[in-house]
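Here the structure comes first, spelled out in structure tokens, and everything after it is commentary.
The values are calculated or read from the model by the stated rules, or taken from the named source; none is laboratory data. Owing to the predicted nature of the structure, the values given are computational and were not obtained by experimental measurement. With ideal geometry, Cβ positions are generated from the backbone for all residues, glycine too; neighbour counts draw on all protein chains shown. Just the protein is used for accessible areas: all its heavy atoms, side chains included, with ligands, DNA and RNA removed. Shrake-Rupley method; radii C 1.70, N 1.55, O 1.52, S 1.80 Å.
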Amino acid sequence: QTLCGSWRRWRKSPARNQRRALSNNIINNNNIITEKLVRNGDNKKTVVCIEGNIASGKTTCLEYFSKTSNIEILTEPISKWRNVRGHNPLGLMYQDPRRWGITLQTYVQLTMLERHLAATSAPVMMMERSIFSAKYIFVENLFQSGKMPEVDYAVLSEWFDWITTNIFLPVDLIVYLQTSPQTCHERLKQRCREEEKVIPLEYLESIHQLHEDWLIRCTSSPVPAPVLVIPADHDLQKMLHQYEEHRDKILTASNL
Ligand SMILES: Nc1ncnc2c1ncn2[C@@H]1O[C@H](COP(=O)(O)OP(=O)(O)O)[C@@H](O)[C@H]1O
Ligand SMILES: Nc1ccn([C@H]2C[C@H](O)[C@@H](COP(=O)(O)O)O2)c(=O)n1
């Protein structure tokens, strides 16, 4: 069990402390107090985001916790990314990232926002990824690898900044499933999703480095919550054992 170096840095400002603030006020660049949009009931809910590389085992982890009462599971809306009104932006992005990266990532940003704001009844909401990793990992990767034009990156960044400045999107804990890119490559081939057949090991290596910069080295983008790192190269049985070991910590994340 490891807690990321970001633990201390962000401990003072995670979701619980924001919730404790007298209101949902924020102070903008001009020192004018404005209100963040808040969904009713957000004060009580614990939000846990499962982060990790492609095919690292996030869905399998969520499936395991879905058997627990009091947890509501929100998987990534990948079926929407594969079919929006008959179009497949995920497939298009892998075929021609320069042309379709902005299209997919705009839609990912919208659908992840919907996930964060979903009306859930259980006290704990466990989400696959977040609007934060969509921006800090996937959009960054497209831009840094030269596959997203600067203007597309600027427009997406403006949208992201507006959303995260004006809408209260609390996260209590990030669970980072830390894998080697090689493990993910093996699992990806085994899963055999049609759109992903073109993904080379190098792509998974880039995505891995971005996760490490964000959640372990804490050198790239803000980490919105404490991070629990779970080594995830192990076989399924060992992974389930680790999930069981961390169960209490995960379920009581809002007390961190
Ligand atoms: N610990 C594990 N050992 C071996 N295979 C795994 C393990 N966890 C998941 N898998 C398999 O790897 C593939 C990707 O797992 P999945 O949970 O879909 O990952 P993700 O949601 O992170 O993309 C699936 O075929 C799954 O059955
Ligand atoms: N912002 C994002 C989020 C996800 N994707 C891609 C990466 C995978 O092909 C797929 C999600 O699969 P998972 O990691 O959950 O197995 O969607 C992306 O391109 N941009």
### Message
For Cα pairs less than 8 Å apart in space and 6+ apart in sequence, what is the mean separation divided by the residue count of region 179-256, i.e. the relative contact order in percent?
### Response
27
### Task
Output the relative contact order of the chain, whole-number percent, from Cα pairs under 8 angstrom with separation of 6+ residues.
34
### Val155 paired with Leu92, simple spin-label distance in nm, labels 7 Å along Cα-to-beta-carbon
1.2
### Query
Is the shape of region 117-196 best called rounded, prolate or oblate, per the rule: a/c under 1.5 gives rounded, else a/b larger than b/c gives prolate, else oblate, with a ≥ b ≥ c the square roots of the Cα gyration tensor eigenvalues?
oblate
## Note on the structure
Share of accessible surface on carbon and sulfur in region 76-212, whole %, 1.4 Å probe and ligands ignored, is 54
#### Entry: region 102-256: translational diffusion in µm²/s, Stokes-Einstein, Kirkwood Rh over Cα pairs, 4 °C, 1.567 mPa s
75
### Task
Return the FRET efficiency for the residue pair Arg82, Thr60: r is the Cβ-Cβ distance, R0 is 25 Å, and the value is rounded to the nearest 0.05.
0.80
### Message
Please give the Cα centre distance for region 184-256 versus region 136-157, rounded to the nearest Å.
### Response
22
### Query
Hey, rough spin-label estimate for Thr165 and Lys147, points 7 angstrom out along Cα→Cβ, what's it come to in nanometres?
3.0
### Summary
The answer for region 84-132, accessible area per residue at 1.4 Å probe in Å², is 44
